[in-house]
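Novice: First, the structure itself, so that you have it in front of you.
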Amino acid sequence: LGRFLNLGGTGARIAGNLLVQRITPGKARIDWEPVGSLLGETLGQMKGPVLKLGQQASQWQDVLPQPISAALSRLQNQVPSLPFASLESYLQRLYEGQLYELFEAIEPQPAAAASLGQVHRARDRQGRALIMKVQYPGIRGICDADLRQLRRLMPLGRLFGTPSARLESVYRELQGAIDQELDYEAERNNLERFRQHFSDWPG
């Protein structure tokens with residue numbers, strides 16, 4: 001509910017901002033800068049599908065106003081991470097209290113963060129260097145709920161002049177991308193296939 005209110009509130013603020021600009025006497029054009037800043041800030045903090053949508057939307061150079069594309073493009077490599085303390089108890093439950101019996105060390109500072117999870121450098125009890133990729137707790141349920149809300153809020157994209165057919169195709173692409181990115185088992189299998197394929201390559 002909180003995420004829906006945050007997203008819906010942002011949509012209402014954007015619509016209100018555009019309405020005020022359009023009815024202001026003597027205003028020749030829309031100033032998209034504050035809209036882009038608001039979208040970038042909100043989506044960056046929310047993570048999940050709405051952040052993924054912002055990352056995808058940053059590439060619509062031919063569809064969105066340039067200031068909005070520029071603001072959203074910062075989401076590609078400036079995603080806020082969760083503190084490791086927020087993940088540690090979750091990982092302890094996941095590993096049935098054996099987390100530090102399996103791992104000698106886990107760096108608390110993330111090596112990278114994304115819309116659905118983040119990665120930490122780690123070392124197992126055999127001394128091997130590892131990368132631990134952690135999905136944010138409850139992210140599957142968050143994704144399902146966000147996608148339902150985004151379906152309802154997609155018509156707001158028309159405020160930026162985006163055609164309805166484009167909005168629908170974007171939604172389907174987003175849904176498919178999230179399903180793939182949440183499937184860590186498939187990702188591990190793909191990595192293993194790459195390792196086997198390139199195993200005899202020098203270096």
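The values are calculated or read from the model by the stated rules, or taken from the named source; none is laboratory data. No experiment lies behind these values; they were computed from the predicted model shown. When we count neighbours, we look across all protein chains shown, and the Cβ atoms used for this are built from the backbone with ideal geometry, even at glycine. The protein model used for the area step is the full one, side chains on, heavy atoms only, and it has no ligands, DNA or RNA in it. Shrake-Rupley method; radii C 1.70, N 1.55, O 1.52, S 1.80 Å.
Novice: Would you check which residues across the range 57-87 are at pLDDT below 70 and surrounded by fewer than 19 Cβ atoms within 10 Å (Cβ to Cβ) and list them?
Specialist: Q59, W60, Q61, D62, V63, Q76, N77, Q78
Novice: Follow-up question, since we're still on this one. Name the pairs: first residue in the range 26-43 and closer than 15 Å to A12 by Cα and among the polar types (S, T, N, Q), second residue open to solvent by less than 90 Å² (accessible area, probe 1.4 Å) and at pLDDT 75 or above, Cβ to Cβ under 7 Å, at least 6 apart or on different chains?
Specialist: Sorted first by the residue in the range 26-43, then by its partner, the list stays empty.
Novice: Please state which one of R22, R93 is among the basic types (K, R) and modelled with pLDDT of 85 or more.
Specialist: R93
Novice: Still on this structure, I have one more. Of the residues that sit in the range 96-121 and are touching a strand residue (DSSP E or B) at 6+ places or on another chain (Cβ under 9 Å) and small (G, A, S), which one is surrounded by the most Cβ atoms within 10 Å (Cβ to Cβ)?
Specialist: G117
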